[in-house]
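Below: the structure, in structure tokens.
Rule-based calculations on the coordinates, nothing more; no lab input. Note that the coordinates shown come from a computational prediction; the quantities given were computed from them, not determined experimentally. Neighbour counts run over all protein chains shown; Cβ positions are idealised from the backbone, glycine included.
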Amino acid sequence: MGEGEITRGRCLCGAVRYEFEGALNWAGHCSCESCRRAASAPITSDFGVSNERWRWTGAEPTIYRSSPGVERLFCGRCGSPLAYRNSQRAHETDFHAMTLERPEAFRPEFHVFTAEAVGWLPVADGLPRWPGTKG
């Protein structure tokens, strides 16, 4: 996930695939209720990529408009959540790190929406935390 490097990701069944070139805009963990419910997980690990640097290489995902200005993208075949788009940050798409072909290369930098975190999953990784949005 560095300059000039092609990074790829996909859903569980492999129908929806994407790739991008270069570094991430950001990488972090989200504990907001909306992300938790969309992924059926206590936390999501996500990263942003500028729209001009990524593309779908397989089937295009299904889009669910979860709230005004927000789209959640998932595989219409296997149901895997893949990405998130917010009209307030229309220049980029946020992908779930666990969709990466090599998720071990993901290096989170912060936590957001920690005020909404579930209490039974303590995360002691030393990363910066913001109770609300990352600004």
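Here are some notes:
- Restricted to segment 38-89, and to residues there that are touching a Ser or Thr at 6+ places or on another chain (Cβ under 9 Å), part of a strand (DSSP E or B) and of a type in the set (S, T, N, Q), the residue that is surrounded by the most Cβ atoms within 10 Å (Cβ to Cβ) is T44.
Let's see how each residue does on (1) closer than 15 Å to D94 by Cβ; (2) not β-branched (V, I, T):
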position	(1), (2)
E19	no, yes
L24	yes, yes
G28	yes, yes
E33	no, yes
A38	yes, yes
D46	yes, yes
R53	yes, yes
T57	no, no
P61	yes, yes
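- Taking segment 80-134 as the range and being more than 16 Å from I43 (Cα to Cα), small (G, A, S) and in contact with a strand residue (DSSP E or B) (Cβ under 9 Å, 6 or more places away or on another chain) as the test, the residues that pass are S87, A105.
- Condition check for P131: surrounded by 12 or more Cβ atoms within 10 Å (Cβ to Cβ), in a loop (DSSP other than H, G, I, E, B) and on the phi < 0 side of the Ramachandran plot: yes
- In segment 55-88, the residue that is nearest to I6 (Cα to Cα) out of those that are out of contact with any helix residue (DSSP H, G or I) (no Cβ under 8 Å at 6 or more places or on another chain) and basic (K, R) is R55.
- Every condition in (1) of a type in the set (A, V, I, L, M); (2) free of Cβ contacts under 8 Å to residues at least 24 places away in the same chain; (3) in a loop (DSSP other than H, G, I, E, B) holds for L24 except the one numbered (2).
- Residue-level analysis places P108 among those that are part of a loop (DSSP other than H, G, I, E, B), surrounded by 12 or more Cβ atoms within 10 Å (Cβ to Cβ) and under 13 Å from the mean Cα position of the chain (by Cα).
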